[in-house]
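Report on the following structure.
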Amino acid sequence: MNTADPRDRAAGLLLGAALGDALGSRFEGMSAVRADQLDEVETSEGELRYTDDTVLTLVLAEHFAERSPGSGIQQQDLALDFARAWRAEPGRGWGGGIGHVFRAVLSGSEWSSAARNSFGGQGSYGNGAAMRVSPVALAAPTPPEAATLGLRSGEVTHAHPDGAHAAAVQGCAVHLALSTPADTALDPDRFLDRVAGCCPDSRWISLLERTRAVPRSSSPAEAAERLGNDVTAPGSVPLALFSFLRHPDSPREAVRFAIAAGGDTDTIGSMAGALAGARCGATALPPEPLRRLEGAGRLRELGTLLAG
Ligand code: F2R
Ligand code: MG
Ligand code: MG
């Protein structure tokens, strides 16, 4: 049974995101991951360290925690806090181009020009804006407002519409997952319709349609073949959504599905973990890996605090 307790769900959202990141980081870049490899990581000893996905998720969660509810996002402050976190922890497996944006912001550039100047003026369509967006679901009262906050948080580093709108899509989806009735089966088509309803971007609406068209019984490899599993936003957010919709009542299975698909396993695992943790709550997360998760205390505390 999923929990209806909003504080447990809020904690589950952040802890699920971090757990998916930490478990998935052991396999980033592999073409597929076997069940016995996942079992071993889940059951072995030692701290489960998270990567850039959770570093930036924590920054965004702290941004909301430090301000009064309803304050929204101060984009230059957020860009600076992201950049300082990047500078403080260079070994967290950052994206290839994001350092250029952070370096520019630290040198005094406005977030908008720093983000716009990356990738030859195209802006980034990496999945970095979507991977860190889940706290917007705890700061926005409704799914459309979560999408708006997601976009505002995303565009501070990802100027390409594919990258920025991915944060709107994932932020809205996490909000919807958080508010699904605990005791009612989740309808995947209705869920995707509601996400599309929050999204003004035609490219993302067609990516959501593509996600809907994948047979629900697909294996991780088949889903990756249809939806992608790479570091781009269009090549990873759909697979994370699919992983959640495949196992909406089991964060462990949703995350394992996402990681088994291979590719950008920390990030796809993290986004699926945020969705499933938001629906099912922290009490539904697998206790053993959770016990070994780096930063679990602060993540739980922030979730509870932001739940109000
Ligand atoms: N990048 C990784 N992991 C691989 C490196 C691991 C590391 N070297 C290690 O072993 O420790 N992980 C992290 O990066 C992804 C998030 O990336 P983000 O923040 O969006 O960064 P970036 O650089 O903006 O985009 C990522 C890549 O996407 C491609 N790309 C984006 N925009 C593009 C454009 N306009 N044109 C062409 N390519 C574009 C590039 O390949 C970027 O490098 C997460 O997976 C996180 O875990
Ligand atoms: Mg990462
Ligand atoms: Mg990654």
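Taking helices (runs of 4 or more DSSP H) as the structural unit, those lying wholly within the stretch 129-228 and holding at least 2 residues that are free of Cβ contacts under 8 Å to residues at least 24 places away in the same chain correspond to 143-154, 188-197, 202-213, 220-227. Name the residues in the stretch 27-75 that are β-branched (Val, Ile, Thr) and over 21 Å from Met271 (Cβ atoms), would you? Correct list: Thr43 only. So, Leu78, is that one crowded, with 17+ Cβ neighbours inside 10 Å, more than 16 Å from ligand 2 (Cβ to nearest atom) and within 27 Å of Thr265 (Cβ to Cβ) or not? Yes. Candidates in the stretch 91-149 are the residues that are among the charged types (D, E, K, R) and more than 17 Å from Ile73 (Cα to Cα); of these, the one that is least open to solvent (accessible area, probe 1.4 Å) is Arg92.
Table: residues versus (1) within 16 Å of ligand 3 (Cβ to nearest atom); (2) within 24 Å of Ala284 (Cβ to Cβ).
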{"position": "Gly91", "(1), (2)": "yes, no"}
{"position": "Gly95", "(1), (2)": "yes, no"}
{"position": "Ala104", "(1), (2)": "no, no"}
{"position": "Ala114", "(1), (2)": "no, no"}
{"position": "Phe119", "(1), (2)": "no, no"}
{"position": "Val133", "(1), (2)": "yes, yes"}
{"position": "Ala137", "(1), (2)": "no, yes"}
{"position": "Pro141", "(1), (2)": "no, no"}
{"position": "Gln170", "(1), (2)": "yes, yes"}
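Among the numbered conditions (1) in contact with a Leu (Cβ under 7 Å, 6 or more places away or on another chain); (2) assigned to a helix (DSSP H, G or I), the only one that Glu40 does not meet is (1).
To keep it simple, each residue is scored yes or no on (1) surrounded by fewer than 22 Cβ atoms within 10 Å (Cβ to Cβ); (2) under 30 Å from Leu80 (Cβ atoms); (3) at pLDDT below 95; (4) in contact with a Phe, Trp or Tyr (Cβ under 9 Å, 6 or more places away or on another chain).
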| position | (1), (2), (3), (4) |
| --- | --- |
| Glu155 | no, yes, no, yes |
| Leu176 | no, no, no, yes |
| Pro181 | yes, no, yes, no |
| Ala196 | yes, no, no, yes |
| Pro215 | yes, no, no, no |
| Pro238 | no, no, no, no |
| Ser250 | yes, no, no, no |
| Ile259 | no, no, no, yes |
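One residue is enough: does the stretch 36-54 have a residue meeting the conditions open to solvent by 20 Å² or more (accessible area, probe 1.4 Å), within 11 Å of ligand 1 (Cβ to nearest atom) and either within 30 Å of Gly121 (Cβ to Cβ) or modelled with pLDDT of 95 or more (or both)? So far as the stretch 36-54 goes, yes, one or more of its residues are open to solvent by 20 Å² or more (accessible area, probe 1.4 Å), within 11 Å of ligand 1 (Cβ to nearest atom) and either within 30 Å of Gly121 (Cβ to Cβ) or modelled with pLDDT of 95 or more (or both). Within the stretch 260-275, being away from ligand 3 (no atom under 11 Å from the Cβ) and assigned to a helix (DSSP H, G or I) holds for Ala260, Ala272, Gly273, Ala274, Leu275. Given the condition more than 27 Å from Thr232 (Cβ to Cβ), among the charged types (D, E, K, R) and surrounded by 22 or more Cβ atoms within 10 Å (Cβ to Cβ), answer yes or no: does some residue in the stretch 57-75 qualify? The answer is no, given that none of the residues of the stretch 57-75 is more than 27 Å from Thr232 (Cβ to Cβ), among the charged types (D, E, K, R) and surrounded by 22 or more Cβ atoms within 10 Å (Cβ to Cβ). For the stretch 86-101, a tally of residues being farther than 27 Å from Pro238 by Cβ and touching a Leu at 6+ places or on another chain (Cβ under 9 Å) returns 1.
The values are calculated or read from the model by the stated rules, or taken from the named source; none is laboratory data. None of the values given here were measured: they were computed from a predicted structure. Cβ coordinates were reconstructed from backbone atoms using ideal geometry, including for glycine residues, and neighbour counts include every protein chain displayed. All accessible areas refer to the heavy atoms of the entire protein, side chains included, with ligands and DNA or RNA removed. Shrake-Rupley method; radii C 1.70, N 1.55, O 1.52, S 1.80 Å.
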